[in-house]
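Encoded as structure tokens, the structure appears first; notes follow it.
The values are calculated or read from the model by the stated rules, or taken from the named source; none is laboratory data. Being a predicted model, the structure only gives us computed values, none of them experimental. FYI the Cβ positions are ideal-geometry reconstructions off the backbone, even for glycines, and counts take in every protein chain you see. We work out accessible area using only protein heavy atoms, side chains counted, and drop any ligands, DNA or RNA first. Shrake-Rupley method; radii C 1.70, N 1.55, O 1.52, S 1.80 Å.
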Amino acid sequence: MFSAERFIAERVRLIEASGIRKVFELARQLKDPINLSIGQPDFDVPAQIKQAAAAAIARGMNSYTVTQGIAELHQRIGLGLARELPNWKLASAHGDSQILVTSGVSGGLLLAFLACLNPGDQVILADPYFVMYKHLVTLVGAVPVYVNTYPDFRLTAGKVEPLISPRTKMVLFNSPSNPTGVVSSEKECREMAELAERRGILLLSDEIYDEFCHEKIPRPGSGVTACPSPAAYSDKILLMRGFSKTYGMTGWRLGYVVGPKAIIEQMTKLQQYSFVCAPSMVQVAGVLAMDVDMTEYVAAYRRKRDMVAEKLASVFELVKPGGAFYAFPKVPEHLGMTGSQFVEKAIARNVVIIPGHVFSERDSHFRISYATSDEKLARGLDILCQLAKGKEEKRN
Ligand code: PLP
């Protein structure tokens, strides 16, 4: 008898389906929910970027591109990085660092793990973490080692160093953070970069939310104001940035990684045999996107962040987010509930949020995404505050 189950490889059996999808299943039964669970901007791609992609399709930019990404996009990324990170030597193909255009940051993460991690290697990462990290690290046979960052959610060199072992190969750094919205300070970034260099560990800095950073500072040695980054202190790291969140292009699949030439070359080789290249018309539009001013969009998220912090602060223990579009409040202890139980109550009141255990080995918090309209956000926050005070009246 045919059993499809028999064909499933062990490596995928180790991975549970994303807990986010389970919440979406529950939420599907709701009529017009207040959805505070979505991990993408609520604005559409700016019109000029859409036009650039459409024009590229019409012009016939529909074939494979070179694996590393089109020259125009390399130049535009290189220009931005040269302004922002004068400590990096990107000037030519002979520089120490290279750029690879990837199918989203997700594509970059998978290639980096495949290129660098052997089975049994250890990867240090913050708990709570972006959900993909845990599963991709496991998929390649490496072992996640969690830094408990509760209650302030700051990943510091001081917390990482005691966990370094002879098997440690990599540290994952994500600021602004998903799910907490915490932005690492300049000092934390510098100390992390120094620790990685000193102990011979590869630091991977996932900066996909760098545009949505409300704690930008002047970059040392350059005139640019930017989110603090370990890349300002070391060019021996893998720096990943994306277009998905910045321009609302999550479905378009574009990102890039910059890092030491020897690693980027191996990642490029693997991309050749997997993703092949990032979508061609999206690469063309990406060049133009990098010159689109997103200040207004960022300002709108800053206002929403302020609304979240203001409304929740009196009833929840909350670390005020400095960036991304997430907050990670703690379920009040007097309720005696786990994150999952609290989320069930919220869904019963038509508000969709994600339980903390999806991003953590614990289940004491929940994630809010404030990438939604001000009106829905205000209503959702009011309901969460009522629930925190133990008020559970049924929705009408
Ligand atoms: N890294 C983090 C921290 C994210 O939150 C996400 C998406 O949610 C990604 C990477 C993946 O982004 P992309 O759409 O570029 O693959």
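Can you find a residue that is modelled with pLDDT under 95 and open to solvent by 10 Å² or more (accessible area, probe 1.4 Å) anywhere in region 173-196?
No.
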> Which fully enclosed helices (runs of 4 or more DSSP H) of region 258-376 have 2 or more residues being open to solvent by less than 20 Å² (accessible area, probe 1.4 Å) and in contact with a Lys or Arg (Cβ under 9 Å, 6 or more places away or on another chain)?
Replying inline: 280-289, 295-313
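Given the criteria within 16 Å of the ligand (Cβ to nearest atom), part of a helix (DSSP H, G or I) and farther than 30 Å from A346 by Cβ, does F24 qualify?
Details: within 16 Å of the ligand (Cβ to nearest atom): yes; part of a helix (DSSP H, G or I): yes; farther than 30 Å from A346 by Cβ: no.
No: the conditions fail for F24.
Each row is one residue, and each column tells you yes or no for (1) open to solvent by 10 Å² or more (accessible area, probe 1.4 Å); (2) closer than 20 Å to I208 by Cα; (3) within 16 Å of the ligand (Cβ to nearest atom); (4) hydrophobic (A, V, I, L, M, F, W, C).
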{"position": "A82", "(1), (2), (3), (4)": "yes, yes, no, yes"}
{"position": "I99", "(1), (2), (3), (4)": "yes, yes, yes, yes"}
{"position": "G104", "(1), (2), (3), (4)": "no, yes, yes, no"}
{"position": "L109", "(1), (2), (3), (4)": "no, yes, yes, yes"}
{"position": "F113", "(1), (2), (3), (4)": "no, yes, yes, yes"}
{"position": "N118", "(1), (2), (3), (4)": "yes, no, no, no"}
{"position": "T138", "(1), (2), (3), (4)": "yes, no, no, no"}
{"position": "N148", "(1), (2), (3), (4)": "yes, no, no, no"}
{"position": "D152", "(1), (2), (3), (4)": "yes, no, no, no"}
>> Being over 16 Å from N174 (Cβ atoms), in the same structural domain as P86 (by TED's automatic domain parsing) and surrounded by 19 or more Cβ atoms within 10 Å (Cβ to Cβ) is the requirement here; does Y209 meet it?
In response: no
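Criterion first (away from the ligand (no atom under 16 Å from the Cβ), modelled with pLDDT under 95 and outside any strand (DSSP E or B)) does E215 satisfy it?
For E215, the condition - away from the ligand (no atom under 16 Å from the Cβ), modelled with pLDDT under 95 and outside any strand (DSSP E or B) - is met.
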>> With the requirement that a residue be of a type in the set (G, A, S) and either in a loop (DSSP other than H, G, I, E, B) or open to solvent by 20 Å² or more (accessible area, probe 1.4 Å) (or both), what does region 236-253 give you?
In response: S244, G248, G251
>> Give all pairs with beta carbons closer than 7 Å in which a residue from region 227-256 that is over 27 Å from Y370 (Cα atoms) and at pLDDT below 95 meets a residue that is within 9 Å of the ligand (Cβ to nearest atom) and open to solvent by less than 10 Å² (accessible area, probe 1.4 Å); count only pairs at least 6 apart in sequence or on separate chains.
In response: none
> In region 27-49, how many are loosely packed, with under 15 Cβ neighbours inside 10 Å and either of a type outside the set (G, A, S) or touching a His at 6+ places or on another chain (Cβ under 8 Å) (or both)?
Replying inline: 8
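Here's the yes/no breakdown for (1) touching a Ser or Thr at 6+ places or on another chain (Cβ under 9 Å); (2) assigned to a helix (DSSP H, G or I); (3) away from the ligand (no atom under 16 Å from the Cβ):
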{"residue": "L155", "(1), (2), (3)": "yes, no, no"}
{"residue": "K159", "(1), (2), (3)": "yes, yes, yes"}
{"residue": "P176", "(1), (2), (3)": "yes, no, no"}
{"residue": "G181", "(1), (2), (3)": "no, no, no"}
{"residue": "E188", "(1), (2), (3)": "yes, yes, yes"}
{"residue": "L204", "(1), (2), (3)": "no, no, no"}
{"residue": "G221", "(1), (2), (3)": "no, no, yes"}
{"residue": "S234", "(1), (2), (3)": "no, no, yes"}
